[in-house]
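All remarks here apply to the structure that follows.
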Amino acid sequence: MAETLLSVEHLSTIFELPGRTPFSASHELKAVNDVSFELAAGETLGIVGESGCGKSTLGRSILRLIEPTEGRIVWQGHNLRDLSPRDMRKARRDLSIIFQDPIASLDPRMTVADIIAEPLRVSNPELSRKERRERVQTVMEEVGLAPEMANRYPHEFSGGQAQRIGIARAIVTEPKLIVCDEPVSALDVSIQAQIVSLLKRLKERLGLTLIFISHDLSVVRLVSDRILVLYLGRIVEIGPRREVFANPVHPYTQALLSAAPIPDPKIARQRGRIVIEGDPPSPVNPPSGCVFRTRCPIAREACAGTVPPLDPVAPDHRAACLFAEEAMQMAQPGSPSEAQPSR
Amino acid sequence: MRDAPLLALKDYAITFATPDGTVQAVNGLDLSVQPGEVLAVVGESGSGKSQTFNGVFGLLARNATTSGEARLEGRNLLDLSPRELDQIRGRDMAMVFQDPMTALNPAMKIRKQLAETLTVHRGLSRREANAESLAIMKRVGIPEAERRIEQYPHQLSGGMRQRVVIAMALLCRPKLIVADEPTTALDVTIQAQILDLFRDLIAETGTALILITHDLGVVAGVADRVAVMYAGRIVESAEADALFSRPAMPYTAALMRSIPRPDQDVEAVEPIPGRPPDLIRPPTGCPFHPRCRFVEDRCRRERPPLAEVAPGRQAACWFPFIDETAGTETAPEAAHG
Amino acid sequence: MTLYAGKREALEDAFLDRDMPRGKPRSLTRDAMRRLRANKAAVVSLFVLAFIVLAAIFAPFFIPYDYETPDWSAFRAPPSLESGHYFGTDQNGRDLLARTLYGTRISLTVAIIATTVSVVVGVLYGATSGFLGGRIDQAMMRFVDVMYALPYILFVILLMVMFGRNVFLLFAAIGLLEWLTMARIVRGQTLSLKEREFIEAARASGVATFPIILRHIVPNLVGPVVIYATLTVPEIVITESFLSYLGFGVQEPLTSLGTLIAEGTDVLEVMPWLLLFPGAVLVSLLLSLAFIGDGLRDAFDPKDR
């Protein structure tokens, strides 16, 4: 059993929005609401959800790039939230992030070499310039870039290349955990495949633990060991990848999976769909009780009363639905939730 | 028996004059769409898929030059004056964009925008136009249509705005709708709703739909036929079922092998090496050859034309996987190991 | 259709992306300079400015006259080529060309020093205030607002009265008041810069606040700061001229463009050349700086990307 590297406990990130007039009360936006999970070393946790579910905020809250409001982040034995700013900066040596917009995440006035070297300068000030330069060359080779690119500027590169630079920067300090925030969403389809494959390979070679945030279920299925489904800031389902895709429990997960387009016309024609109508509710004014009840096909009165707890429905597989057994009966034939033999 | 095509592009080309050189965005395209058909045009950025139809609708930037023919029901749209094109746009053919706000006026109520199309193109009275606008809002599935129609675009969500734009496109009962990445910016569950809507509407009205997208999953769910574009050309064209089960052109096959699927557990995908070609200095011969696993000498020297490889199927490749005219068929792995 | 992770070779190839960008490394500054070179008005102005500056520095060595020695043989002489007084002389027989050159030197020195002070103070203050945000930012900006509200000229005059008419004090006074607008501009830019992802990336790498400001924010302020500094210089020259015109500027026999213009205006009808030449130099200086500033603004405009 691999050791638990990260334990997130009841994490909430609440934003206060000013009221519409200086005199009206401010609103609370619970972007992340009571999220708890554990991450084992070497594991990849895929966090999925649609826009507004809080997945990006969650990723940044774990790294304290956005300060969470409540909860604990237990990393290597201590609670990250207890660390002083100085100690937190030191801790960042083992924590990295890869951003969605590759070119925007690179300082346009710095050369590639300087950008990649910066985390190294902070975490290993004892290194000489030569040693730093060598390390930068090594990681550039590792991500497939040519060393001659080192003295170029970010805007001279394509999106895919810029993301490789971002990845190089993320691995230069040999981190233990990398949060990948939609790392391929802004890239062309054929480049997505390159970058995702690169990330998988790096993960294996360097023994990385990843938190992979994406709205694209196909990509998540490819890279993740476990899946966490978010809706309006709350976890609605969490479990091993195969389990969650083969037997999704929560109605939202089922709807999500059944809506994901499948590149095969025969399957596409046959599949049933779990239709959810309408738009997600506003996170400022979430529904009481179960946040999904306003769009859930099996919602009933009880759902408005209590927030459903994240209860086990199978070994290591939990869902937050008061009527989980009934939900499990809903799985439609031909949807991705029907177990396909891996080829 | 095939009827006369609704839209026929022949030898269609678009070039852009830029300070860095002339960009050959679309190069000798031949395409036809039958009435009532759903054609998906698939390609990545730089393939020319959007520009092709921007050109047909007269929406290109000023430094663009078009050549060839683009015939809608026989009339060459490229020959028309802007005024004549204006009349056809919106009435006989309509376009839906990725960003609904390109078509919606943020300062005008929805009702006014919908009604305007009707009064201008179909000469309806204000009362009739308002009534029909409301009806179509309901038809595209906008809840509380009476309330929503009085709102401004920013008060609606992205998905609802897209529905409004689709409603606008349908108002004049066009024969052809071109939708350019209409769901790319939307959440997956909303995307599913919009695609359902498209399917229902097409079935009901018999409008032809050209769906431009990079997402093969979306294609599989909606299209009758598929045209794959690369570097400004069509490199493969076939019925959807045939294309997905047996692609003829290496690019199509490689593309399919490089995308992960939500319904299958796989160890890895096979990315296509390299990058899409520079359209100012395109490679000689077949534009895909620098990235093709099955490249041969001929591919580097001569550009393969789009030729028929089986009934109803075309591919632009010297060594397609399927070639019924030559009586050969190869599986991707077997060809040129 | 099989998806497989077999062919080792194919994957290796796909891992690489070694397409080098074309040409030489192009930093944003280089791009901007390229765009600036294409702007004809700016280029011409650069030459004019360079000419004036070089003349002010070197020409005095080539002129037989200096700015204070009277030429007893030529009082109130109009400009003439034979007499050697190309710009003429003033009431005291001092050569106007020499005086104009020295005056330009003084005006430019004041402008450069004042601009440098205002840039350094303004950038540090504005970037810190904008980046720290919150109450500190509010407090710092309120201070700026208060300073703004003070009657500027009155303040300078007070300084002059208290400490005497020292040229260096003049530089300092002007510089210390110009930084206010620079601070505001820099703060505004910083507010938008700090939301950008590469700043978040720096924080995620463990860089502390002040190093972020120095290494990431300040270099990215180059565009607006250079533009504003270039547009500030004319303002400073005018202010200095104005103060000198009022009698608060440089002391006799040292002179500045402003002083010369002030003196020239008095005798405009009788000795027009005393106003004409210094005035022409001042106008050329200001115009060329304005064109250069405009050109820089266009060159650095991010919309061009």
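The values are calculated or read from the model by the stated rules, or taken from the named source; none is laboratory data. Being a predicted model, the structure only gives us computed values, none of them experimental. Note that we place each Cβ from the backbone using ideal geometry, even for glycine, and neighbour counts take in every protein chain shown.
Filtered by the rule that a residue be within 14 Å of chain A (Cβ to nearest Cβ) and buried (at least 21 other Cβ atoms within 10 Å of the Cβ), region B:146-160 gives B:Gly159, B:Met160. Look at region A:221-249 and say how many of its residues are surrounded by fewer than 24 Cβ atoms within 10 Å (Cβ to Cβ), part of a helix (DSSP H, G or I) and not acidic (Asp, Glu). Residues in region A:221-249 being surrounded by fewer than 24 Cβ atoms within 10 Å (Cβ to Cβ), part of a helix (DSSP H, G or I) and not acidic (Asp, Glu): 4 in total. State all residues of region C:193-244 that are surrounded by fewer than 19 Cβ atoms within 10 Å (Cβ to Cβ) and touching a Gly at 6+ places or on another chain (Cβ under 6 Å); if no residue qualifies, say none. Result: C:Leu231, single match. Inspection of region A:250-271 finds no residue satisfying the criterion of being surrounded by fewer than 24 Cβ atoms within 10 Å (Cβ to Cβ), more than 11 Å from chain B (Cβ to nearest Cβ) and either part of a loop (DSSP other than H, G, I, E, B) or under 13 Å from the mean Cα position of the chain (by Cα) (or both). Of the candidates B:Arg261, B:Arg281, B:Arg233, the single residue that is of a type outside the set (A, V, I, L, M, F, W, C) and surrounded by fewer than 20 Cβ atoms within 10 Å (Cβ to Cβ) is B:Arg281. Those strands (runs of 3 or more DSSP E) of region B:29-133 in which at least 2 residues are surrounded by fewer than 18 Cβ atoms within 10 Å (Cβ to Cβ), considering only elements entirely within it, cover B:64-72. The number of residues in region B:171-196 being more than 11 Å from every other protein chain (Cβ to nearest Cβ), under 14 Å from the mean Cα position of the chain (by Cα) and part of a loop (DSSP other than H, G, I, E, B) comes to 2. Going through region A:77-107 one residue at a time, which ones are touching a residue at least 12 places away in the same chain (Cβ under 8 Å) and either part of a loop (DSSP other than H, G, I, E, B) or more than 9 Å from chain C (Cβ to nearest Cβ) (or both)? Correct list: A:Leu80, A:Arg81, A:Asp94, A:Ile98, A:Phe99, A:Gln100, A:Asp101, A:Pro102, A:Ile103, A:Ser105, A:Leu106, A:Asp107. Only one of the numbered conditions (1) crowded, with 23+ Cβ neighbours inside 10 Å; (2) more than 8 Å from chain B (Cβ to nearest Cβ); (3) part of a helix (DSSP H, G or I) is violated by A:Glu204, and that is (1).
Of all residues in region A:123-164, exactly one satisfies the criterion of being within 22 Å of C:Asn220 (Cα to Cα) and of a type in the set (Asp, Glu), namely A:Glu156. Of the residues contained in region A:38-60, one or more are found to be crowded, with 20+ Cβ neighbours inside 10 Å, among the aliphatic types (A, V, I, L, M) and farther than 29 Å from C:Val207 by Cα. The condition of being in contact (Cβ under 8 Å) with a residue 24 or more places away in the chain, farther than 21 Å from B:Ile272 by Cα and in a loop (DSSP other than H, G, I, E, B) holds for A:Glu174.
Total residues in region A:156-171 satisfying the condition of being facing another protein chain (nearest Cβ under 7 Å), surrounded by fewer than 21 Cβ atoms within 10 Å (Cβ to Cβ) and in contact with a Pro (Cβ under 7 Å, 6 or more places away or on another chain): the figure is 1. Looking only at region A:274-284, residues that are at the interface with chain B (Cβ under 7 Å from one of its Cβ atoms) and either touching an Asp or Glu at 6+ places or on another chain (Cβ under 8 Å) or hydrophobic (A, V, I, L, M, F, W, C) (or both) come to 1 in all.
Within region A:178-192, the set of residues being at pLDDT 90 or above, touching an Asp or Glu at 6+ places or on another chain (Cβ under 9 Å) and buried (at least 24 other Cβ atoms within 10 Å of the Cβ) comprises A:Val184, A:Gln192. Going through (1) of a type in the set (S, T, N, Q); (2) assigned to a loop (DSSP other than H, G, I, E, B); (3) under 30 Å from C:Gly293 (Cα atoms) one by one, C:Asn92 falls short only on (3). Selection of region A:121-151 for residues being within 10 Å of chain C (Cβ to nearest Cβ) and crowded, with 22+ Cβ neighbours inside 10 Å yields A:Val143, A:Gly144, A:Leu145, A:Met149.
Considering the conditions (1) assigned to a loop (DSSP other than H, G, I, E, B); (2) at pLDDT 95 or above, A:Met110 is excluded by exactly one of them, (2). Within region C:250-294, being within 30 Å of C:Pro224 (Cα to Cα) and either of a type in the set (Gly, Ala, Ser) or not in a helix (DSSP H, G or I) (or both) holds for C:Ser256, C:Gly258, C:Gly279, C:Ala280, C:Ser284, C:Ser288, C:Ala290, C:Gly293. Just wondering, is there one or more residues in region A:92-115 that are of a type outside the set (Lys, Arg) and more than 30 Å from C:Thr29 (Cβ to Cβ)? So far as region A:92-115 goes, yes, one or more of its residues are of a type outside the set (Lys, Arg) and more than 30 Å from C:Thr29 (Cβ to Cβ). Whether a residue is of a type in the set (A, V, I, L, M, F, W, C) and in contact with a Cys (Cβ under 9 Å, 6 or more places away or on another chain) was assessed, and A:Val313 passes this test.
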